[in-house]
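Step one of this worksheet: look at the structure below.
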Amino acid sequence: MKQEDSPLEFPCHFPVKVMGATDGPFKETVIGIVKSHLPEFSDENIEEKTSRNNKYLSLTLTVYVTSREQLDNIYRELHASGLVLMSL
């Protein structure tokens, strides 16, 4: 998708929402991936919630992205990690 076809206007703040298993390296991996694309990303921009049974962790990372390509690359790498069960 070309940037001009995107309903988003860049640059912008965007909430990246991902869900994975509570145990294991899910949270650290997600944060590492985001910081590899956005070195200035701050942990202060993370909201987390656990499921009722504490089996799953939901993370919302509000990122500042400058292009659709940058956002797509973050999502691609998150899914390639194999630890993200779902994303929005």
Ser81 and Tyr64 label points (each 7 Å along its Cα→Cβ direction) are spaced in nm at 2.2
The exposure ranking of Glu47, Glu40, fewest beta-carbon neighbours within 10 Å first, is Glu40, Glu47
Per residue convex hull volume, Cα only, segment 3-87, in Å³ is 90
Around Leu85 (Cβ within 12 Å, Cβ-to-Cβ, excluding Leu85; K/R +1, D/E -1) the net charge comes to +2
With x for Gly and Pro, the residue-by-residue ³J(HN,Hα) of segment 47-61, computed from phi through the Karplus equation 6.51 cos²θ - 1.76 cosθ + 1.60 at θ = phi - 60° and given in whole Hz, is 10, 9, 9, 9, 6, 3, 8, 6, 7, 10, 10, 10, 10, 10, 10
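Coordinate-derived values only; no laboratory data. From a predicted model like this one, the values you see are computed outputs, not experimental measurements. As a convention, Cβ positions derive from the backbone with ideal geometry for all residues, glycine included, and neighbour counts pool all protein chains shown.
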